[in-house]
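See below for the structure under consideration.
Please treat every number below as a calculation from the coordinates, not as lab data. As the structure is a computational prediction, the values presented were derived from the model and not from experiment. Cβ coordinates were reconstructed from backbone atoms using ideal geometry, including for glycine residues, and neighbour counts include every protein chain displayed.
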Amino acid sequence: MPSSTRRPERRQGSLSRERIVSAAVELLDTVGEGGLTFRALAERLATGPGAIYWHLTGKAELLAAATESVVLAALPAEDADPAPSEAVRALALGVFDALDAHPWAGAQLARASWKPPLLRVFEHLGRQVEALGVPEHARFTAASALLNYILGVAGQNAVNARAVEPGTDRSAFLGAVAAEWAELDPGRYAFVRGIADRLPGHDDRAEFLAGIDLILAGITAGR
């Protein structure tokens, strides 16, 4: 007698690397890196783990591909032609927003070293630095300063977001941090105490862009 329990329909024929990576991004956003397994991914795709291994060799390659898809989506369109400074700002905000939406990707970028997708970001920054008229001998330094700032601040923002319980009121959380700062030893933390009252109302995204503008001002002043 046939069983009344039906297995999920398998769609191996339509399975592609792009579909797998897209599903992995969704899974990472939901359960984080620890919950990303080929078994969980196979269930989401209604297929078997073996079908996924046909496209990707393991979790490391899957994480790299998922991170690359997030970063590539954040890069400006190839046909965009804004002024160099605006192009840098657009790229920086794209990466910032991507890591804010996908906090797990920040840790993956930090491990990527000089591999795609990090090289794609560096290439875009380098082209804009060149367009700004920076001398050849200073372009690596200028592009590296921008890259390190973008990854550092955007990555730290992602870490902070993951440290806060979902649904936590941001203003209340920052208010509590500011109250702790205000109680620090004034002899050791005079600066931190002095800016504590600015913390609750500050905008992380605006502060991030202000830092980009500072770096760009230094780059253009030193041409």
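Computed quantities for the displayed model
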{"quantity": "Residues LEU214 and PHE173, FRET efficiency given R0 of 30 Å [Cβ-Cβ distance, rounded to 0.05]", "calculated": "0.70"}
{"quantity": "Qualifying chymotrypsin sites (Phe, Trp or Tyr not before Pro) for segment 52-160 [loop in DSSP, other Cβ within 10 Å: at most 15]", "calculated": "TRP54, TRP114"}
{"quantity": "ARG188-TYR53 pseudo-label distance in nm [points 7 Å out on the Cα-to-Cβ vector]", "calculated": "5.3 nm"}
{"quantity": "Helix-only CD estimate at 222 nm, as mean residue ellipticity for the chain, using -39500 (n - 2.57) per DSSP H run (n ≥ 4)", "calculated": "-21500 deg cm²/dmol"}
{"quantity": "Degrees between helix 136-163 axis and first principal axis of the chain (Cα, 0 to 90, nearest 10)", "calculated": "70 degrees"}
{"quantity": "Label point distance in nm, GLU26-LEU72, each placed 7 Å from Cα along Cα→Cβ", "calculated": "1.9 nm"}
{"quantity": "Per residue Cα convex hull volume in Å³ - calculated over the chain", "calculated": "177 Å³"}
{"quantity": "Extension reserve of the GLU130-HIS202 stretch, reckoned as 0.36 nm per residue once the Cα distance is removed", "calculated": "22.6 nm"}
{"quantity": "Gaussian network model of the chain, Cα within-10 Å springs - most flexible of GLY94, GLY201, GLY155", "calculated": "GLY201"}
{"quantity": "Candidates GLU136, GLU18, GLU207, ranked by Gaussian network fluctuation over the chain, Cα under 10 Å, top entry", "calculated": "GLU136"}
